[in-house]
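Peer 1: My questions will all concern the structure given below.
Every read-out reported here was derived from the displayed coordinates using simple, explicitly stated rules and does not represent laboratory data. As the structure is a prediction and not an experimental result, all values here were calculated from the model. Neighbour counts are summed over all protein chains in view; Cβ atoms, including those assigned to glycine, are modelled from backbone coordinates with ideal geometry.
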Amino acid sequence: MFTPMTSTIDKPAKAIILYDSMSVGGSADRLIDSMGKNLAEAGAYVEKARCKTNADYRFVEEFDLVLLGAPIYYLLVASKLSGSLSQSNLRAALKGKKVALFVICGSPEPMAQFLYLPQLKMHLDNPVILAEKAFSPAETSDSKAIAEFTQNILDAYGKAN
Ligand SMILES: Cc1cc2nc3c(=O)[nH]c(=O)nc-3n(C[C@H](O)[C@H](O)[C@H](O)COP(=O)(O)O)c2cc1C
């Protein structure tokens, strides 16, 4: 008897990157475009959306995978992402979702782990966090580091199903 040669690795069909940045065309835009490209190459339909604090985030429910992240300014996650998480229906829309988290910061990794990534996690109810990473500004141009993060997300997505 033969087992069918079908792939059992589950992949996200629809992914969205929710982010904020004080700049346009800066390191956040660069990172998000690269991550989006990597996810699309892996077969996902990808959208990105710059957060607005009082937006209606019910549309997020249709996505299988949500990437959330932003640069750090003055010790805080960029305000429209953190504001969306604390003040809009984004938190409810993310309930039980598979998410990946990232920050971009000039500080060393341990500081990001203790001070910055928790600013995102504290707003999530019962999330499935597939991967998380603090990118240095230089890493937002490092295609290898970005591909590794995206692959970690996809690997964890396959295992989480
Ligand atoms: C005004 C300002 C404040 C910043 N404050 C911090 C900080 O408190 N901690 C940190 O690790 N990085 C800090 N950074 C570094 C940024 O997180 C980093 O430069 C990031 O790449 C900026 O993203 P952007 O190019 O999309 O704006 C700051 C940068 C700026 C411009």
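Peer 1: Among the lysines, which have Cα under 17 Å from the Cα of Lys37 when same-chain residues fewer than 8 positions away are ignored?
Peer 2: Reachable lysines: Lys11, Lys14, Lys48, Lys144.
Peer 1: By how many nm would the segment from Ser107 to Ala42 lengthen if fully extended, with 0.36 nm per residue of separation less the alpha-carbon distance?
Peer 2: 20.3 nm
Peer 1: Using Cα pairs under 8 angstrom and six or more residues apart, how large is the relative contact order of the chain, in percent?
Peer 2: 26 percent
Peer 1: Among all the lysines, which ones have a C-alpha under 19 Å from Lys121's C-alpha, if same-chain residues fewer than 8 places away are not counted?
Peer 2: Filter leaves Lys52, Lys80, Lys95, Lys97, Lys98, Lys133.
Peer 1: Less than 10 Å Cβ to Cβ from Leu65, Lys/Arg counted +1 and Asp/Glu -1: what total charge do the surrounding residues give? Write out the running numbers ahead of the final one.
Peer 2: Details: positive: Lys11, Lys14, Lys97, Lys98; negative: Asp64.
Within the 10 Å Cβ shell, the charges total +3.
Peer 1: Now for a separate question. Check Ile17: other-chain or 5+ apart residues with amide H under 5 Å from its amide H, H built from backbone geometry?
Peer 2: Amide H neighbours of Ile17, under 5 Å, 5+ apart: Glu47, Lys48, Ala49, Leu67.
Peer 1: Another question about this same structure. For a quick check, take a GNM of the chain with Cα springs below 10 Å and name the residue from Tyr74, Tyr116, Tyr19 with the largest mean-square fluctuation.
Peer 2: Sorting by GNM fluctuation, first place goes to Tyr74.
Peer 1: Once you have the alpha carbon radius of gyration of the stretch 9-161, what is it after dividing by 2.2 N^0.38 Å, with N set to its residue count?
Peer 2: Rg over 2.2 N^0.38 Å, computed on Cα atoms: 0.94.
Peer 1: With θ set to phi - 60°, apply the Karplus curve 6.51 cos²θ - 1.76 cosθ + 1.60 along the stretch 18-27 and write out the HN-Hα couplings as whole Hz, x wherever there is a Gly or Pro.
Peer 2: Here the 3J(HN,Hα) series is 9, 8, 8, 7, 6, 10, 10, x, x, 5 Hz.
Peer 1: Around Lys133, which amide H atoms from residues at least 5 apart in sequence, or from another chain, sit under 5 Å from its own amide H, with H modelled in the peptide plane?
Peer 2: Amide H neighbours of Lys133, under 5 Å, 5+ apart: Leu101, Phe102, Val103.
Peer 1: Step through the residues of the stretch 87-103 one at a time and calculate ³J(HN,Hα) from phi using the Karplus curve (6.51 cos²θ - 1.76 cosθ + 1.60, θ = phi - 60°), rounding each to whole Hz and writing x for Gly and Pro.
Peer 2: Karplus values, whole Hz, x for Gly and Pro: 10, 10, 8, 4, 4, 5, 5, 8, 4, x, 6, 7, 10, 10, 10, 8, 10.
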